[in-house]
1. Tell me, Kirkwood radius of region 2-64 from alpha-carbon pair distances, in Å?
2. Report, in degrees rounded to the nearest 10, the 0 to 90 angle that the Cα long axis of helix 24-36 makes with the longest principal axis of the chain.
3. Between MET59 and LEU18, take the C-beta separation as r, use R0 = 22 Å, and let me know the FRET efficiency to the nearest 0.05.
4. With the dipole of region 2-64 worked out from charges on the C-beta (+1 for Lys and Arg, -1 for Asp and Glu) around the Cα centre, which of VAL51, LEU36, HIS61 lies farthest toward the positive end?
Amino acid sequence: MNTTIWSALALVLVLEGLGPMLFPTLWRRMIGAMILLPEKALRRYGGGLVVAGIVIYYMLHKGLS
């Protein structure tokens, strides 16, 4: 299980790094647009990402069992 957590973290870091590495100008523009969003909208986006991650994890975990 410990290896799974580290593997997941490594995958997240790879995916997070692809944006600024491949599209730095677009990535910078996106971050600039996020700064202008109200806090409530950022919380909704963050919550949606958390829920999506949990659903994907559940689907993968259920499929592997």
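No value in this document is a laboratory result; all are computed from the given coordinates. On a predicted model such as this, the values are computed, not experimentally measured, just so you know. Note that we place each Cβ from the backbone using ideal geometry, even for glycine, and neighbour counts take in every protein chain shown.
1. In region 2-64 this quantity evaluates to 13.9 Å.
2. 80
3. 0.45
4. Going by the Cα projections, it comes out as LEU36.
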